[in-house]
């Protein structure tokens, strides 16, 4: 009996200590119009707290985050906490019409949720239309109070947000794309912490600068907040060590270049171990898909060594070519989980649900008040997963429909396989209309709690072969393998890394290739898998 009493007392002490180490962290986000000057002109953007990017939110693992959002913009919006598990708080996830209806102009909404089992870099952003191009900021999750990083403590931590900037209204650009059924116009500049950098016109006086002390080590928390492109990132004459991705720790990986897809984050340690002077950090596009337009510019920031009196121009790193797939694939393939990390769990071996999901473009009925494709009338371009193009509900969110038992909002019949099996990456089939026909629908996949889902994400060459960053809300997943061409289970399943696969919430499905992910459905709620754009 005494043994049981001691065990219960020990549990109570541990529980109380855990509660005592947590805190309630409160923030206010005021969303409204902001006039900014970039690229030799002024532009009105939607921004948060009169800043672009928005404020960085810093918390510790185990804290409760309370964020009051006041929508003073002219647009409906929500805020998504990209990568946060939202354990038993799925209603706070943020995607419009999935877990909540939008916050209409003039209204407010409070997000309240606990952040547990995660450490590292995530971010927050608007989740209606393309407002996230300017409505976003970093979300930094440090170890629980009293605990440390699984690597030497850095001298300083710095969020680096990679983004895009348009001279025109991003909402006008989106509306034009929706009307035409095509992709939005490419951006006019890439940015580092909101600034294009020295290589763009009228930009050198605002270039982001990081002052460093020689010999000190810095933790850069890099976030790709761009809408469309993966980005290479380098620092002239400096190497760095990758220690985390998407708020999960990795085995230390030494490199001089990283690749970050839209929605992804990467934590790197770099030591200021070069001669005093100025060095550019720089990012440019990785876009290997043929005949797909992209912004082919380079954004820069400056690493400035304190005490340097040099008047020389900063040294520029040699960046990879825009189509350097070898470098990109090597980087993504070499990342593995830190199995000694504080929140690591082994990859499930038994699989309960296997899905094969084609990801690409398709053709949907043109519909009223829309511009049909001149190449494929009477159709227009649409995103497609297994020939289904998701249609957002308009009356209420999926979560509300589920909990209220309201019918007619969605159907539980999202297919586990595409309706037609074919040579998915054969570019000769890129204009085969029967393969491209896509139906609009609000179709969901229902899985049993605590079951394991394995999903093959297969890129297709229909209409255009592209890279597709896919983000899973509510969960991290294990990346078991990635490759090019068509996935073949007999050939490719022996390549699975089941020992220490990297964990992510966003995966860049290779151009003309595939990725296999696996996750345990241990978080009840309505969560979406969507292309990050």
Check the stretch 513-527 and report whether any residue there is without any contact (Cβ under 8 Å) to a residue 60 or more places away in the chain and surrounded by 20 or more Cβ atoms within 10 Å (Cβ to Cβ). yes
Restrict the check to the stretch 447-469 and report whether at least one residue is at pLDDT 95 or above and on the phi > 0 side of the Ramachandran plot. yes
Residue in the stretch 283-290 that is touching a helix residue (DSSP H, G or I) at 6+ places or on another chain (Cβ under 9 Å), in a loop (DSSP other than H, G, I, E, B), at pLDDT below 95 and farther than 30 Å from residue 499 by Cβ present: yes
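In the stretch 85-127, how many residues are closer than 23 Å to residue 444 by Cβ and within 15 Å of the chain's Cα centre (by Cα)?
5
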Within the stretch 187-194, is there a residue that is closer than 21 Å to residue 505 by Cβ, modelled with pLDDT of 95 or more, surrounded by 24 or more Cβ atoms within 10 Å (Cβ to Cβ) and not assigned by TED's automatic domain parsing to the domain that holds residue 438? no
Of (1) farther than 23 Å from residue 102 by Cβ; (2) in contact (Cβ under 8 Å) with a residue 24 or more places away in the chain; (3) part of a loop (DSSP other than H, G, I, E, B), residue 346 satisfies every one except (2)
Considering every residue within the stretch 171-189, establish whether at least one is assigned to a helix (DSSP H, G or I), within 21 Å of the chain's Cα centre (by Cα) and within 27 Å of residue 100 (Cβ to Cβ). yes
Any idea which of 135, 212 is surrounded by 15 or more Cβ atoms within 10 Å (Cβ to Cβ) and outside the structural domain of residue 253 (by TED's automatic domain parsing)? 135
Take the residues in the stretch 146-166 that are assigned to a loop (DSSP other than H, G, I, E, B) and exposed (fewer than 14 other Cβ atoms within 10 Å of the Cβ); name whichever of them is farthest from the chain's Cα centre (by Cα). 146
Out of the residues in the stretch 129-170 that are more than 19 Å from residue 39 (Cα to Cα) and in contact with a helix residue (DSSP H, G or I) (Cβ under 9 Å, 6 or more places away or on another chain), state the one that is modelled with the lowest pLDDT. 129
Out of 474, 525, I need the residue that is in a loop (DSSP other than H, G, I, E, B), under 26 Å from residue 121 (Cα atoms) and at pLDDT 95 or above. Which one? 474
Taking the stretch 398-456 and keeping only residues that are more than 24 Å from residue 377 (Cβ to Cβ) and part of a strand (DSSP E or B), one is left with 411, 443, 452, 453, 454, 455, 456
Can you find even one residue in the stretch 289-310 that is within 30 Å of residue 493 (Cα to Cα) and surrounded by fewer than 21 Cβ atoms within 10 Å (Cβ to Cβ)? yes
Selection status of residue 480, in contact with a strand residue (DSSP E or B) (Cβ under 8 Å, 6 or more places away or on another chain) and in a loop (DSSP other than H, G, I, E, B): no
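The values are calculated or read from the model by the stated rules, or taken from the named source; none is laboratory data. Computed from a predicted model, the values in this text were never measured in an experiment. Backbone-built Cβ (ideal geometry, glycine too); neighbour counts: all protein chains shown.
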